[in-house]
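The next block holds one structure in the form of structure tokens; read it before the comments.
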Amino acid sequence: MAAQQASATVGLIGLAVMGKNLALNIADHGFDIAVYNRTTAVMQEFMAENPSTPGKLVGCSTLEEFIAAIKKPRVIIILVKAGPAIDAVVEQLVAAGLDKNDIVIDAGNSLWTDTIRREKQYADRLKFFGSGVSGGELGARFGPSLMPGGDPASWQHLKPIWEAIAAKVDAKTGKPLAGAEPGHPITGGVPCTSYIGPNGAGHYVKMVHNGIEYVDMQLIGEAYDLLRRLVGMEPQELSDIFTQWNAGDLDSYLIEITADILRQRDPVKPRKYLVDSILDAAGQKGTGKWTAANALDMGIPANSIAEAVFARCMSALKDERVIAAKKLSGPKPPARKAGKARKDLIEAVRQALYCSKICAYAQGFELMREAQKEYQWQLDFGSIAGIWRGGCIIRARFLQKITDAYTRNKGLVNLMLDPYFNKQLRAGQKPWRRVVSLAAENGLPSPAFMSALAYYDGYRTAVLPANLLQAQRDYFGAHTYERVDQPRGKFFHVDWPLPNRPQLDV
Ligand code: 6PG
């Protein structure tokens, strides 16, 4: 139906999977929404597929029509591929007659520095706003986790929509509320969204979410691999174990879907499990890499996040690995475990997974703590963990514990220092060390488990061998060092004896 007058509360551009589902979610909550897609046929098909929704869908064939259909100040959500397409759409909107007070929300996985740049670049033409959206297709349809960042005044216009469509958690337990259906959204509960901060803060927090998502997935992959190769378990048994784990501390969306995945038969070869027919070469779109690169830029140890990205890179070297598997030696495959040994090892892997997960989140929150200094944001970590309790890919019972930790202590320096997490690490570290040792002894790659343990041990070590490293730097490059018996910031240099080379004047 063509728009005749400005009747829609909100507009959405980009009717690919995420855009379609978000538009339907918005309409389910009673908001009239104008929709536009570059290829008009996609919009027409979408309109034909959804003839009646609680809020009206207003299909628009041109951007002029789209703009005319939305009430002022216009709230326009763009869901197109992150990168130059965002700028192209914004320029087209401006050309089509957008107003200075209109708010354009980039709801894709954009790089936060692009969002900062865009807010400034378009400031005299529109109000550019960024929001992280997590939860994939189903999240977008029935309740995503939303991480909005930008001008606080713009947030006030978006807030009623974002709070309505976000996932909801129970106010007391923090558990996600389920049961939404087309036309019947969940009402009540605490929405998984709240204002994150100005300019790129929302997209930054979404990026860290994805960095953590990479580790969560890698840790689950390593647990699966260790249970398979160290214990000798088959996919169906593994599915049962993940189902059991999902009833405890590890209760999370990713563990839940892993249990489902492991019991899935191959539709082409039904006697096989599908997981065994899937090629072991992981893809990635870049958000994990951005997180790791940002950690390097800021000098924050986010070992596990970086390792999770590198593990995907390693997996992608499939052809090289196949050749190397025949040439590079390693230990023989371990014997299948049974009885108590089997039970103990499964439990040890569970504990290793939980402890490593704590480290991954500690790294993610350290990153956000550093970034807020750099960008003068004031991030509320308890609230961020709260937003992640429902709707997003990393949603987990665990997130309530993080919310609790930051509620106890807003200024918590590192999550591992919170009494609850400290206790968990204390309790789980023996089996965690055992799993890492067994992985090393048996030649099973477990970079996320291992790097998380290295992070834990590095962080709890008061004296690291960096004294020697500083001496080496001073020796070969006169880079100076600080002394343990002098105030920080005072630098020293010594004329090192150079036994095998002529003495230099320094
Ligand atoms: C989410 C996800 C999503 C991400 C995909 C793919 O929160 O809904 O993080 O935003 O794009 O999971 O990411 P990779 O291709 O990098 O694995």
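Of the trypsin sites (Lys or Arg not before Pro) found in region 25-77, those in coil by DSSP whose Cβ has at most 15 other Cβ atoms within 10 Å are 38, 71.
Could you work out the per residue convex hull volume over the alpha carbons of region 394-506, in cubic angstrom?
200
With q set to 0.13, 0.16, 0.26 Å⁻¹, the log10 of I(q)/I(0) for region 47-112, from the Debye formula over equal scatterers at the Cα positions, is -0.42, -0.62, -1.21.
Taken about its Cα centre, the chain carries a charge dipole of about 1320 debye when Lys and Arg each add +1 at the Cβ and Asp and Glu each add -1 at the Cβ. Remark: spin-label model distance residue 342-residue 7 equals 6.5 nm, labels positioned 7 Å along the Cα→Cβ axis. Amide H contacts of residue 35: 12, 58, 59, 60, each under 5 Å away and 5 or more positions distant or on a separate chain (H built 1.01 Å from N in the peptide plane; Pro and chain starts excluded). For region 290-422, the direction-averaged projected area of the alpha-carbon convex hull comes to 11.6 nm².
Loop-located trypsin sites (Lys or Arg not before Pro) in region 198-272 (DSSP state not H, G, I, E or B) with no more than 11 neighbouring Cβ atoms inside 10 Å: 271. Normalise the Debye intensity by I(0) for the chain, one equal point scatterer per Cα, no solvent, then take log10 at q = 0.09 Å⁻¹ and round to two decimals. For the chain at q = 0.09 Å⁻¹, log10 I(q)/I(0) is -0.72. Only helices enter this figure: runs of n ≥ 4 DSSP H residues, each worth -39500 (n - 2.57), summed and divided by the residues of the chain, yield -16500 deg cm²/dmol at 222 nm to the nearest 500. Residue 298 sits among other residues whose Cβ lies under 13 Å from its own Cβ, and their net charge, with Lys and Arg +1 and Asp and Glu -1, is -2. Annotation: amide H of residue 133 within the under-5 Å range of 147, sequence separation 5 or more or interchain, hydrogens built in the peptide plane. Descending by average beta-carbon neighbour count within 10 Å, the peptides 453-460, 188-195, 324-331 line up as 188-195, 453-460, 324-331, the highest first. Proximity of backbone amide H atoms, modeled 1.01 Å from N, is registered between residue 273 and 266 at under 5 Å, excluding neighbours fewer than 5 places apart on the same chain. Restriction of the trypsin sites (Lys or Arg not before Pro) in region 89-173 to DSSP coil positions whose beta-carbon has at most 10 other beta-carbons within 10 angstrom yields 172.
Read-outs throughout are calculated quantities, based only on the coordinates presented, and are distinct from any laboratory measurement. In this text the structure is predicted, and so the values were computed from the model without any measurement. Heads up, the Cβs are rebuilt from the backbone with ideal geometry, glycines too, and the neighbour counts pull from every protein chain shown.
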